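Peer 1: Let me begin by handing over the structure; questions about it come next.
The values are calculated or read from the model by the stated rules, or taken from the named source; none is laboratory data. Worth saying up front: this structure is predicted, and the values here are computed from it rather than measured. Cβ: placed from backbone, ideal geometry, glycine included. Neighbour counts: every protein chain shown. SASA here: full protein model, heavy atoms, side chains in, ligands and nucleic acids out. Shrake-Rupley method; radii C 1.70, N 1.55, O 1.52, S 1.80 Å.
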Amino acid sequence: MDFAFTEEQRAIREAAREFARREIDPIVDEHDEAQRFPREVMSKAAELGFLGVIFPEEYGGAGLGYVEYVTVITELSKVDPSVGISVAAHNSLCTNHIFKYGDEPQRRRWVVPLARGEKIGAWALTEAGSGSDAAAARTRARKVEGGWVLDGAKTFITHGSVGDLCVVMAVSDPDGPRGHNMSAFVVEKGTPGYRSGKKENKLGIRASDTAEVILEECFVPDENLLGEPGEGFKQAMAVLDGGRISIAALGLGTALGAFETARAYARERQQFGRPIAEFQAIGFTLAEMSTRIAAAEALTFAAAAEMDRTGRVTLAASEAKLMTGEVAVFCAERGVQIHGGYGLVKDYRAEKFYRDVKICTIGEGTSEVQRLVIARQLLSA
Ligand code: CAA
């Protein structure tokens, strides 16, 4: 199916595909092995507007919508899910949070350099003790003269060590009602009391940077508070609605990458005197993968189109993320199976997709959390 409807959307897809082929593909394996964040790839992606896809041109962005954004993330993730998730977290979590809830000076100060890719953004909600139950976070923000003092630690933060700034959710009213007691702050690298902690040694998406963020008596001025005090959790939930569409695109790209690798291998690999693609077991597997990908693609682009149309996508985003995540895991596993013994070694990308894919059912809300969100949406309608 072709969901890039307009000529401009098709041109964006071609640009992203060519960029991934030329700039990412040659360095994928080396960066995966070394767990090295590809800063130079991010800089080149910025030149094409990929670090600010969904932000207006007046704020340094490309001025495009979620359909184009999904197209870009899908193409990048087809070649390297590590780059896909880095671009996704930068755009739709950090930058989008500041864009959505920041005032004009905050947008000028932070959205512009982020959208241009001059700065890399992180976004910190999760803590060691609060993953799916994000409202149980314990990082504190204490009001003082002229600002706030943050104390606590955030876990599994994309760009936690390489990020130039981070949007941090912290409990600013410990006696306030759950879900209404947090505020969101921008904390810049170099702020005394702000540092990165342990960098995670991950199963997959190893070139993406995932680290702890530590806040110790970290003072930020009032100008760094985003929106109203107490609104941080609700802001985070709304930001995640858009983020989940980008993780659906990550899953879609990973599934497509695994599928294309497996199809190419099935055509070339000879057993019993013919290409294994000619055996029905393999052909049917490819058919199953392709059909599930088509369904995942339809939901992902439907969510993106709904976001562009209405700006509200809680149900559609969770459905798209749930579907693509599960489809991607299926496709990556089948991809390895089609490769047989070669699926277990690094000569082919099947092995890497199999490791990378698991983030799709976990990051930005597990599949279980997506089912919870979907059920609540259905039952509150
Ligand atoms: N938009 C706006 N507001 C929302 C909202 C949304 N989508 N979802 C909830 N809210 C509001 C609610 O309306 C409620 O406000 P009111 O009382 O005024 O109605 C308030 O927020 C609290 O909501 P809930 O009662 O639904 O909160 P909950 O504690 O039951 O939690 C949850 C709901 C869905 C489980 C939520 O905690 C959640 O999404 N958990 C998963 C967290 C997550 O996705 N973490 C990923 C971190 S990022 C990441 O992984 C980075 C990476 O790079 C991979």
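Peer 1: Can you tell me the 0 to 90 degree angle between the C-alpha axis of helix 280-310 and the longest principal axis of the chain, rounded to 10?
Peer 2: 30 degrees
Peer 1: How many times 2.2 N^0.38 Å is the alpha carbon radius of gyration of segment 234-380?
Peer 2: 1.16
Peer 1: Ok, one more. Taking θ as phi - 60°, what are the ³J(HN,Hα) couplings along segment 221-226 by the Karplus curve (6.51, -1.76, 1.60), each to the nearest whole Hz, with x for Gly and Pro?
Peer 2: Result, ordered by residue: x, 3, 5, 8, 6, 9 Hz.
Peer 1: At 0.36 nm per residue, minus the direct Cα-Cα distance, what do ARG178 and VAL144 gain on full extension? Give it in nm, one decimal, please.
Peer 2: Net length gain for the segment: 10.0 nm.
Peer 1: Let me ask you something else. For the chain, what % of the accessible area comes from carbon and sulfur atoms, probe 1.4 Å?
Peer 2: 53 percent
Peer 1: Sticking with this one: How long are the semi-axes of the ellipsoid equivalent to segment 1-132, from square roots of 5 times the Cα gyration tensor eigenvalues, in whole Å, largest first?
Peer 2: Semi-axes from the Cα gyration tensor: 23, 20, 14 Å.
Peer 1: Can you list residues whose amide H is under 5 Å from ALA124's amide H, if they're 5+ apart or on another chain and H is modeled 1.01 Å from N?
Peer 2: Here VAL167, VAL168, MET169 satisfy the definition.
Peer 1: Using protein chains only and a probe of 1.4 angstrom, how many square angstrom of PHE284 are accessible, to the nearest 10?
Peer 2: About 140 Å², ignoring ligands and nucleic acids.
Peer 1: On a 22 Å Cα-Cα criterion, which of the cross-link pairs LYS199/LYS234; LYS154/LYS198; LYS78/LYS321; LYS44/LYS154 come out too long?
Peer 2: Result: LYS199/LYS234; LYS44/LYS154 exceed 22 Å.
Peer 1: Here's another thing I want to ask about it. Scale the Cα Rg of segment 121-230 by the rule-of-thumb value 2.2 N^0.38 Å and send over the ratio, two decimals.
Peer 2: 1.02
Peer 1: Oh, and also: Sorting PHE272, PHE55 by accessible area (1.4 Å probe), largest first, what list results?
Peer 2: PHE272, PHE55
Peer 1: Karplus couplings for segment 19-27 from phi (6.51 cos²θ - 1.76 cosθ + 1.60, θ = phi - 60°), rounded to Hz, Gly and Pro as x?
Peer 2: Each residue's phi maps through the Karplus curve to give 4, 5, 5, 7, 9, 9, 3, x, 10 Hz.
Peer 1: Right, another one. Take each of the peptides 294-300, 200-206, average the number of other beta-carbon atoms within 10 Å over its residues, and list them starting from the highest.
Peer 2: 294-300, 200-206
Peer 1: Under the rule a/c < 1.5 gives rounded, and otherwise a/b versus b/c splits prolate from oblate, where does the chain land using the Cα gyration tensor?
Peer 2: Note, shape of the chain comes out prolate.
Peer 1: A follow-up question, please. Can you work out the accessible area per residue across the chain, with the rest of the protein chains kept in place, probe 1.4 Å, in square angstrom?
Peer 2: Per residue, the chain has 42 Å² of solvent-accessible surface.
Peer 1: For the chain, what's the relative contact order in percent, using C-alpha pairs closer than 8 Å and at least 6 residues apart?
Peer 2: It rounds to 16 percent for the chain.
Peer 1: How would you classify segment 190-305 from its alpha-carbon gyration tensor, with a ≥ b ≥ c the square roots of the eigenvalues: rounded for a/c under 1.5, else prolate if a/b is greater than b/c, otherwise oblate?
Peer 2: Here segment 190-305 falls in the oblate category.
Peer 1: If you don't mind, another one. Could the peptides 29-36, 250-257 be put in order, highest first, of the mean number of other beta-carbon atoms found within 10 Å of their residues?
Peer 2: 250-257, 29-36
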